Amino acid sequence: MNSASEPADLVAEAVMACPAVAALADDGLLATFLPGRRVAGVRITEDVCEIAVVLRLDGSPLPEGAEQVRRAVTPVVGGRRIDVMIADVVIAGDVPAHAEIGSGAGVAAEPSLGEVNGR
């Protein structure tokens with residue numbers, strides 16, 4: 001099966017297309033495990049799609065970013081409940097060390113708010 005057709009990959013692609021999202025969180029707590037690889041920040045069960053993200057802190061309320069993620073993935077999760085966890089936030093173009101490097105988000109130039117506050 002083509003990796004792009006895996007449900008977790010489709011969810012990850014939809015999430016990363018959201019302007020509010022800097023990265024999928026890769027803190028080891030939430031992932032989909034596939035043969036030979038894993039999709040960080042996404043876990044899909046029969047009833048629920050769980051997503052862990054790093055949002056951009058741009059002045060918009062964080063719940064709006066989470067809602068943006070829900071709207072983006074609704075068409076690809078087949079009626080499952082969508083739970084969005086905001087794992088961290090970043091300022092401007094920064095990306096925390098635990099962000100998924102393969103997300104195209106880049107590398108942190110400065111620490112995230114969580115890292116500054118000792119989390």
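Computed from the coordinates by the stated procedures, all read-outs in this text should not be read as laboratory data. Values in this document were obtained by computation on a predicted structure and should not be read as measured data. Cβ coordinates were reconstructed from backbone atoms using ideal geometry, including for glycine residues, and neighbour counts include every protein chain displayed.
Under the classification rounded if a/c is under 1.5, otherwise prolate if a/b is larger than b/c and oblate if not, where does the range 8-94 fall, given a ≥ b ≥ c as square roots of the Cα gyration tensor eigenvalues? Cα axes put the range 8-94 in the oblate bin. As a calculated quantity, the FRET efficiency between R81 and D58 at R0 = 22 Å, using C-beta atoms, amounts to about 0.20. Computed FRET efficiency, Cβ-Cβ of D47 and E13, R0 25 Å: what is it to the nearest 0.05? Given R0 = 25 Å and the Cβ-Cβ separation, E is 0.70.
Peptides 43-50, 63-70, 82-89, ordered by how many other C-beta atoms sit within 10 Å of their residues on average, highest first, read 82-89, 63-70, 43-50.
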